[in-house]
Amino acid sequence: MSSFIFVALLIWAAAMVAWFMVSKYVKSSDLDRVKSRLLGNTKTKKKAEKKAPGEKSLITRTDTSKNQFAQQLVEKYHLGPKMGEFLEQAGLPWAPARLVHLTIMTVGIVFVVAWFFLSIPPAVSLLVALAAGTGPYLFVLRKRKVRLHKFEEIFPETLEFVSRSMRAGHAFSVSLEMIHREFPEPVSSEFRRTFEEHNLGLPIEIALQKLSKRVPLLDVQFFVSAVMLQKRTGGNLAEILDKLAYVIRERFKLRGRIRSVSAHGRMTATALSLIPVAVAVLMFYTNPDYIKFFFEDDVGHIMMGSSVALQLIGYLIMRKIVNIEV
């Protein structure tokens, strides 16, 4: 009898332990699922590890343990919102303090190298360091330009896909969610984020307005305005999206024709800007004493700085002339 009671208690204890482990696993799985949805990660762990770098989460984390000096500068001058939006448009998961920290490091390293190792005068070294400090910003600007251009190329096909999906009977919000599975980056991540924001309770109008801020393109603003107007007044949204996609493609064709016509002007601007640099390099090798005047004399510093500034202004003016917006 005692052995029977012992076996029964053992079985009961094993059942309780099994129930506790199973319930804990199920609870943890549900919690992980909620966290992954809030973080914008609806894939499995293996797929999440291979997630494209341009994809953004709905919840962003800011690590304040690093770059404290840069973080103080960001908070003091209220640079966080603008720089965060700028980095988000470039598809970089950086904090604003990281960009400021990279800029400060670049300026310091270039100044030390130019002054101590290359024996360049301090004033010129400082100018060179400040010019090099724009490197991180230009890198982010380049990433932003490439990402927006890629989005703009895929966007007409995206609009036609939404139009066909709505004609097939899907809701507009479901069509946005389907874009995530059918299109590459950066269209995939941006529309996935828009769908997740709407799916978590945000009105579709506000979610689309946030999309237009993350992707500051005229075509996206047209799309958002068309959807919001259709929500208020009614109409055939699928037909509107088809016509909008046609207009965008015609703008691409016109832009290509303008670029082909203005190619000569762009090449002329580049050639005229490189001629002084080429002459300076040739003079440095043929007559170094003549070039040293610009580095050793105070008047030479002023002349070199003025010439470089005027050359940059001239190049920007010529680029502005041949840059025709469509």
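Annotations for the structure displayed:
- Segment 262-322: C-alpha gyration tensor shape, a/c 1.5 cut-off, then a/b vs b/c: oblate
- By the count of other C-beta atoms within 10 Å, a proxy for reagent exposure, Asp242, Asp297, Asp289 are ordered fewest to most as Asp289, Asp297, Asp242.
- C-alpha center-to-center spacing [segment 284-326, segment 223-270] in angstrom: 38
- Put in line by how crowded their Cβ is, counting other Cβ atoms within 10 Å and starting with the fewest, Thr158, Thr103 read Thr103, Thr158.
- Subtracting the Cα-Cα distance of Ala171 and Ser306 from their residue separation scaled by 0.36 nm leaves 42.5 nm.
- Under 5 Å between amide hydrogens, built in the peptide plane, is the criterion, and for Asp297 it picks out nothing among residues at least 5 positions away or on other chains.
Computed from the coordinates by the stated procedures, all read-outs in this text should not be read as laboratory data. The structure presented is a predicted model; accordingly, all values stated were derived computationally and were not measured. Here the Cβ is made from the backbone with ideal geometry for all residues, glycine too, and neighbour counts use every protein chain on show.
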